[in-house]
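Where a number appears in this text, it was derived from the coordinates with a stated rule and is not lab data. If you're wondering where the values come from, they're calculated on a predicted model, not measured in any experiment. Every residue, glycine among them, receives a Cβ derived from its backbone with ideal geometry; neighbour counts consider all protein chains shown.
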Amino acid sequence: MIDAIKDVCLYLVVAAVFTVATHWLGSNVLDRYLTEQLITVLIALLAINTTTSGVVMTKLKEISDARGGNFSLTIKELKSSVTEQLIFIILAVIILVLRGSGVVLASHPWADLILEVALVAVFVAALYTLFDTARSIFVILEFENHKKQ
């Protein structure tokens, strides 16, 4: 639980830095892109993550059949990464709805900035989840290369 809180804080800090930097530069490219495309990007990342997880689970099954081993914790983590990405899609929809609400934006002078940071944080978190899943392929490749030597 502590690790999850640390991760969320890291995503928020990175998102805040990106958001402040883009505002300082006077650019709205990132905000406009995420507002228009984030749901599509998140669904694509979910598809990539699911495919990558399938490849990893197939290789783990091969390794387990050949050498034995229990990979149930690894499989549990792969499942949780898919769940995380579904949560990111839901969060992105909620944030985008709130950003489109005049009532919400009028309720607080910083509402739009806070929601923009949250949107960037969702994007950063989704990219990290993809990176983390993709890393597992390299771990398996290193294992297979070590096994051959």
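If you rank V56, V82 by fewest surrounding Cβ atoms within 10 Å, what's the result?
Numbers: V56 21, V82 15.
The order, fewest Cβ neighbours first, is V82, V56.
What dipole magnitude, in Debye to the nearest 20, does the stretch 1-81 give about its Cα centre under +1 on Lys/Arg Cβ and -1 on Asp/Glu Cβ?
Values: 7 positive and 7 negative charges, 44 e Å.
With only Lys, Arg, Asp and Glu charged at Cβ, the dipole is about 220 debye.
Quick one: putting +1 on the C-beta of Lys and Arg, -1 on the C-beta of Asp and Glu, what dipole do you get for the stretch 2-148 around its Cα centre, in Debye to the nearest 20? Kindly include the intermediate steps, with their values, before the conclusion.
On the way: 11 positive and 13 negative charges, 79 e Å.
Roughly 380 debye, rounded to the nearest 20.
Between T74, N49, V8, whose Cα lies farthest towards the positive end of the dipole of the stretch 2-148 when Lys and Arg beta carbons carry +1 and Asp and Glu beta carbons carry -1, centred on the Cα centre?
T74
What whole-number distance in Å separates the alpha-carbon centres of the stretch 84-133 and the stretch 16-54?
With the stretch 84-133 and the stretch 16-54 each reduced to a Cα centre, they are spaced 10 Å.
Over the chain, calculate the relative contact order: mean separation of alpha carbon pairs under 8 Å at least 6 apart, over the residue count, as a percent.
Details: 91 pairs, mean separation 61.4, N = 149.
That works out to 41 percent.
Ranked by Cβ crowding within 10 angstrom, fewest neighbours first, how are R32, R99 ordered?
On the way: R32 10, R99 18.
Ranked by crowding around the Cβ, least crowded first: R32, R99.
If N is the number of residues in the chain, what value comes out of its Cα radius of gyration divided by 2.2 N^0.38 Å?
Working: Rg = 18.8 Å, N = 149, 2.2 N^0.38 = 14.7 Å.
Here the answer is 1.28, to two decimals.
For K59, list the aspartates and glutamates whose Cα falls under 17 Å from its own Cα; do not include residues on the same chain fewer than 8 positions away.
E77, D132, E142, E144
Using +1 at the Cβ of each Lys and Arg and -1 at the Cβ of each Asp and Glu in the stretch 11-149, identify which of S101, F131, A21 lies farthest towards the dipole's positive end.
Checking the options against the dipole of the stretch 11-149, the answer is F131.
What shape does the stretch 1-40 take by its C-alpha gyration tensor, where a ≥ b ≥ c are the square roots of the eigenvalues and a/c under 1.5 counts as rounded, a/b above b/c as prolate, and the rest as oblate?
Details: a/c = 6.46, a/b = 1.61, b/c = 4.02.
Cα axes put the stretch 1-40 in the oblate bin.
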